[in-house]
Number of protein chains: 2
Amino acid sequence: MKHKPRVVIIGGGFGGLTAARKLVKLPVQVTLIDRKNHHTFQPLLYQVATAGLSPGEIAAPIRWILRGHDNVEVLLGEVSMIDVEHKLVKLPDHDIAYDYLIVAAGAGHSYFGHDEWEPYAPGLKTIEDAIEIRRRVFLAFELAEREAAAGDKLSPLHFIVIGGGPTGVELAGTLAEIARKVLADEFRTIDPQRTRILLLEGGPRVLPAYPEDLSASAEEQLKKLGVEVHTSTLVTKVEAGAVDIGETRLPAAVVLWAAGVAASPLGKKLGAPTDRAGRVLVNPDLSIPGHPEVFVIGDLAALKDETGKWLPGVAPTAIQQGKATARNIARDLEKQPRRNFRYLDKGSLATIGRAAGIAQFGKVHISGFIAWLSWLFIHIFFLIGFRNRVIVFIQWAWSYFSYERGARLITGDTELPGWHKPEEPAKEPSARSA
Amino acid sequence: MKHKPRVVIIGGGFGGLTAARKLVKLPVQVTLIDRKNHHTFQPLLYQVATAGLSPGEIAAPIRWILRGHDNVEVLLGEVSMIDVEHKLVKLPDHDIAYDYLIVAAGAGHSYFGHDEWEPYAPGLKTIEDAIEIRRRVFLAFELAEREAAAGDKLSPLHFIVIGGGPTGVELAGTLAEIARKVLADEFRTIDPQRTRILLLEGGPRVLPAYPEDLSASAEEQLKKLGVEVHTSTLVTKVEAGAVDIGETRLPAAVVLWAAGVAASPLGKKLGAPTDRAGRVLVNPDLSIPGHPEVFVIGDLAALKDETGKWLPGVAPTAIQQGKATARNIARDLEKQPRRNFRYLDKGSLATIGRAAGIAQFGKVHISGFIAWLSWLFIHIFFLIGFRNRVIVFIQWAWSYFSYERGARLITGDTELPGWHKPEEPAKEPSARSA
């Protein structure tokens with residue numbers, strides 16, 4: 001039997017997984033490498049961080065998703081190096097030779113050169129991140145209750161979300177919902193409803209990628225939920241228990257980072273040109289200059305559409321690019337010319353909290369309950385794995401009607417970095433005045 | 001309004017939580033203190049460790065379970081000291097005065113004086129334990145697949161479960177099911193079905209607390225599932241990647257500890273007599289000598305029944321003792337004499353794997369599918385929280401028919417202690433001969 005070309009895919013996110021699902025139907029050998037054993041449905045990660053869903057409900061083992069195909073191999077491991085000259089991908093214990101390489105390694109957090117902020121303001125990219133945020137959020141209420149029981153008159157808790165993009169908006173809205181509704185009757189000494197949730201955005205409006213009217217509506221909906229939205233507000237320092245905005249110091253029990261994204265460092269190892277965020281500037285067919293056998297897709301790729309606008313770093317882009325790349329490899333095998341990638345904008349949605357959201361389908365702009373509902377069904381529909389869909393739907397229906405959040409587990413350590421002692425920041429007038 | 005007596009409960013397990021649920025209906029103030037924010041349904045913990053259920057499905061926040069009662073306060077914290085003379089319980093940031101104290105702090109692992117074994121053989125008591133075991137089990141298959149892909153001819157994986165009690169039997173049976181069925185078709189290079197699962201029991205039979213015929217049946221069922229059962233086998237050493245039985249060294253990718261239980265150290269802080277396992281020898285009414293206002297219940301209490309047999313350290317004992325203690329406190333308030341605790345044995349069940357188990361209801365002994373079915377429904381019925389019950393039932397039905405285990409997430413670190421390099425233990429003849 002003749003040699004089947006080997007396609008190595010780095011990354012089991014939306015882009016890499018979609019490419020793999022298409023490629024297994026071709027006469028190729030597929031090797032998918034990821035640092036995790038599971039695909040994470042990132043659009044719902046904020047639900048895990050806020051205890052609406054359990055990790056297992058938004059993540060599925062990659063080898064389970066690709067089961068039943070003999071020509072795909074899934075490896076757990078971190079790629080240390082890519083040698084495009086010799087067509088080798090280096091894993092800890094061995095090298096893998098490829099005929100085609102698809103780099104879909106995604107993006108991580110960027111603290112804009114302030115990595116020392118990370119321990120005090122975790123971001124939300126992985127299941128582990130979500131569990132850590134969940135731990136901090138619910139632990140803050142527990143520690144406040146215990147201190148109050150000890151007789152310390154505490155000022156209300158402060159949660160600060162940095163970054164007004166989709167993730168920041170989802171987190172802030174859901175935190176408000178938790179404080180106002182979910183925990184309202186469960187504490188004896190503190191009053192969760194007095195919790196202050198601050199959303200800090202450096203730019204002039206939240207959800208900057210959306211049309212202005214939708215940004216305005218999102219801000220409206222956030223305020224209705226009780227979130228204090230501060231736009232054109234630049235964070236100058238983050239430390240244990242506090243965030244500085246120039247001269248002003250904001251005390252904070254929990255700080256969450258939703259501001260910056262940095263492309264995977266693997267992008268730099270391809271020898272191709274990258275942009276300031278470290279994204280690889282790809283050819284129109286998503287390959288890299290001088291190496292038609294190497295493709296970069298998803299959040300790690302930088303490409304403009306016909307109108308000269310950069311493609312958004314969202315799941316649909318990655319999914320469409322994964323499909324397009326598999327098709328171009330198929331065309332290579334059939335000696336057909338490749339086609340350039342064309343992004344089809346099916347519209348975009350952002351959720352804000354319980355029954356709130358915004359949506360844009362071309363010229364159509366929607367706000368509120370309908371936007372949220374479309375968001376909900378589209379996401380449950382695309383959630384990978386039948387089992388998960390059913391469970392997630394039940395969970396959601398249940399928590400929608402009951403205001404419960406079932407996955408409120410605090411696991412691991414029961415300390416918070418910079419948890420304020422009574423005489424510290426959170427007791428200053430500015431805070432008490434809330 | 002007259003002073004309501006304060007009842008402080010230490011521990012939110014079956015005993016403490018049951019006592020709290022009864023006490024909130026009395027004219028008392030209840031304070032429940034636990035190191036975790038959640039009650040864990042321990043009988044199903046092995047399902048989390050083996051990815052059948054997600055942590056959130058077998059654990060519920062204690063303050064959520066007790067919500068809607070104004071006379072109960074839930075505090076997250078670790079009790080450092082108990083002063084029975086001054087009736088004080090000491091928390092990190094303050095002391096709590098009590099009129100009644102119920103100590104239901106349960107038990108942890110005992111490595112029989114070999115605590116250095118713990119990092120290599122985790123036990124299963126908490127959600128964190130279960131997540132760590134899940135990580136090791138599924139990571140072992142991933143690392144083996146990657147090494148095999150690197151061209152190393154690997155001997156089959158070895159999993160060693162130490163201890164043939166209910167937990168050890170559940171774990172071994174379920175691990176066999178995972179290797180033989182769940183993962184069977186998902187790996188390309190290794191063959192999970194060749195995995196060896198060894199169950200090591202020091203005594204002459206597994207499930208020693210059960211009648212001999214049921215032990216024999218359990219061993220039969222385990223063997224049918226592919227577990228290698230070794231009774232009268234004493235472990236002399238556990239280290240990274242290996243377990244010693246006298247002169248014989250067994251290589252192991254993962255070692256699990258289900259052998260020893262040690263009562264909570266709080267038992268020793270009451271000044272009451274304790275047994276060798278550190279359990280408090282309580283009066284027939286579950287109070288401690290000289291302190292009628294202090295009760296000890298659940299796994300931390302040692303009490304004999306009428307026949308002189310020690311009460312088993314199982315959930316029903318703790319639940320019945322929680323109720324009995326609440327009733328005795330009620331009798332004190334009504335100036336009625338207390339009643340001694342009488343344990344009602346409603347029978348006991350152990351599950352072994354998919355559709356296998358044993359059950360004893362008085363003289364009636366059941367084995368196999370029916371036993372497993374009764375086990376399943378009894379446990380789902382008692383699972384705390386309606387939401388969880390529905391979800392767990394669906395999960396279970398689904399994984400029963402699909403052979404899937406949805407919660408197969410490897411979170412955290414991707415290293416295994418003592419993971420064998422090709423030239424190490426697992427490659428020696430004894431192992432390869434499998």
Legend entry - Innermost chain A residue relative to the axis carrying A onto B, by Cβ distance in angstrom: A:SER54, 2
Legend entry - Length-normalised contact order for the stretch A:82-202 - Cα pairs under 8 Å, 6+ apart - percent: 19
Inset, instruction - Please get the size of the charge dipole for the stretch A:150-194, origin at its Cα centre, with Cβ charges of +1 on Lys and Arg and -1 on Asp and Glu, quoted in debye to the nearest 20. - result: 120
Inset, instruction - Considering only B:LEU333, B:LEU270, B:LEU175, give the residue with the highest GNM mean-square fluctuation for chain B, with springs between Cα atoms whenever their separation is below 10 Å. - result: B:LEU333
Inset, instruction - Find how many whole Å separate the alpha carbon centroid of the stretch A:241-318 from the alpha carbon centroid of the stretch B:314-354. - result: 60
Inset, instruction - Provide the buried accessible surface between chains A and B in square angstrom, both chains summed, 1.4 Å probe, rounded to the nearest 100. - result: 5000
Legend entry - Teacher prompt: B:ALA240 distances to equivalent labels in other copies, 7 Å Cα→Cβ, nm: 3.1
Legend entry - For the stretch B:265-381: Kirkwood Rh in Å [reciprocal of mean 1/r, alpha carbons]: 15.9
Legend entry - Over 23 Å between alpha carbons, listed pairs B:LYS125/B:LYS223; B:LYS36/B:LYS346; B:LYS181/B:LYS224; A:LYS223/A:LYS363: B:LYS125/B:LYS223; B:LYS36/B:LYS346; A:LYS223/A:LYS363
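Keeping the other protein chains in place, figure out the carbon and sulfur percent of the accessible area of the protein assembly as shown, with a 1.4 Å probe.
Taking all protein chains in place, the protein assembly as shown shows 55 percent carbon and sulfur surface.
Can you tell me the FRET efficiency between A:LYS335 and A:SER232 if r is taken as the Cβ-Cβ distance and R0 is 60 Å, rounded to the nearest 0.05? Could the numbers behind the result be given before it?
Values: r = 55 Å, r/R0 = 0.92.
After rounding, the FRET efficiency stands at 0.60.
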Legend entry - Translational D in µm²/s for the stretch B:48-176 (Stokes-Einstein at 25 °C, 0.890 mPa s, Kirkwood Rh from C-alpha pairs): 131
Legend entry - Cα-projected label distance for A:PHE377 with A:ASP191, points at 7 Å along beta-carbon direction, nm: 4.0
Legend entry - Charge dipole magnitude, Cβ of K and R +1, D and E -1 - the protein assembly as shown, Cα centre, debye nearest 20: 2320
Inset, instruction - Would you be so kind as to identify all helices of chain B, as entire DSSP H runs, whose Cα atoms reach 18 Å or more along the helix's own axis and whose mean Kyte-Doolittle hydropathy is at least -0.5? - result: B:127-149, B:315-333, B:369-382, B:386-402
Inset, instruction - Under a cut-off of 19 Å between alpha-carbon atoms, report the lysines in cross-link reach of A:LYS269, not counting same-chain residues fewer than 8 places apart. - result: A:LYS87, A:LYS90
Inset, instruction - Can you figure out the FRET efficiency of A:THR248 with A:GLU118, using R₀ = 22 Å and their beta-carbon distance, to the nearest 0.05? - result: 0.50
Inset, instruction - Report the one residue of A:GLY13, B:ILE319, A:LEU101 whose Cα lies farthest in the direction of the positive end of the charge dipole of the protein assembly as shown (charges on C-beta: Lys and Arg +1, Asp and Glu -1; origin at the Cα centre). - result: B:ILE319
Inset, instruction - Check each residue of the stretch B:72-92 and keep those whose accessible area, probe 1.4 Å, is at least 10 Å² smaller with all protein chains in place than in the chain alone; give them in order of residue number. - result: B:VAL72, B:GLU73, B:LEU75, B:LEU76, B:PRO92
Inset, instruction - For every helix of n ≥ 4 consecutive DSSP H residues, a contribution of -39,500 (n - 2.57) applies; sum these over chain A, divide by its total residues, and give [θ] at 222 nm rounded to the nearest 500 deg cm²/dmol. - result: -9000 deg cm²/dmol
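Among the DSSP beta bridges whose two residues both lie in chain A, what percent are antiparallel, rounded to the nearest 5?
Among the beta bridges of chain A, antiparallel pairing accounts for roughly 50 percent.
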Legend entry - Three semi-axes of the equivalent ellipsoid, chain B, Cα gyration tensor, whole Å, largest first: 41, 22, 21
Inset, instruction - Once the label point is placed 7 Å from Cα along Cβ, list for A:ASP213 the distances to the corresponding points in the other copies, in nm, shortest first. - result: 7.9
Legend entry - Low-density loop positions, GluC sites (Glu not before Pro), the stretch B:277-379 - DSSP coil, at most 14 other Cβ in 10 Å: B:GLU306, B:GLU334
Inset, instruction - Mind checking the per residue accessible area of the stretch A:176-217 for me, 1.4 Å probe, whole number of Å²? - result: 39
Inset, instruction - Using a 1.4 angstrom probe, figure out how much accessible area the stretch A:1-77 has per residue, in square angstrom, rounded to the nearest whole. - result: 29
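What share of the DSSP beta bridges in the stretch A:88-220 is antiparallel, in percent to the nearest 5? The partial results should precede the final answer.
On the way: 3 of 8 bridges.
Rounded to the nearest five, the antiparallel share is 40 percent.
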Inset, instruction - Return a whole-number percent for the relative contact order of chain A, with Cα pairs under 8 Å and 6 or more residues apart as the contact set. - result: 20
Inset, instruction - Note the direction-averaged projected area, equal to a quarter of the hull surface, for the Cα convex hull of the protein assembly as shown, in nm². - result: 38.2
Inset, instruction - Using only C-alpha positions, report the orientation-averaged shadow area of the convex hull of the stretch B:57-131, nm², one decimal. - result: 7.8
Inset, instruction - Give me the percent of DSSP beta bridges within the protein assembly as shown that run antiparallel, rounded to the nearest 5. - result: 50
Inset, instruction - Run through the other copies and list how far each one's label point is from that of B:HIS365, in nm with one decimal, shortest first; the point sits 7 Å from Cα along Cα-Cβ. - result: 7.6
Legend entry - Choice from B:VAL28, B:VAL103, B:VAL280 showing the highest fluctuation, given a GNM over chain B with Cα pairs closer than 10 Å: B:VAL28
Legend entry - Most fluctuating residue given options B:TRP257, B:TRP372, B:TRP398, as computed from a GNM of chain B linking Cα atoms under 10 Å: B:TRP398
Legend entry - Förster-model FRET efficiency, 22 Å R0, B:GLU78 and B:LYS4, C-beta, rounded to 0.05: 0.25
Inset, instruction - Quote the charge dipole size of the stretch A:165-283 about the Cα centre in Debye, to the nearest 20; the model charges only the Cβ of Lys and Arg (+1) and of Asp and Glu (-1). - result: 380
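The values are calculated or read from the model by the stated rules, or taken from the named source; none is laboratory data. All values derive from a computational prediction rather than experimental measurement. Counting neighbours? That spans all protein chains shown, and the Cβs are built from the backbone with ideal geometry, glycine included. Areas reflect the complete protein model, heavy atoms only, side chains present, ligands, DNA and RNA absent. Shrake-Rupley method; radii C 1.70, N 1.55, O 1.52, S 1.80 Å.
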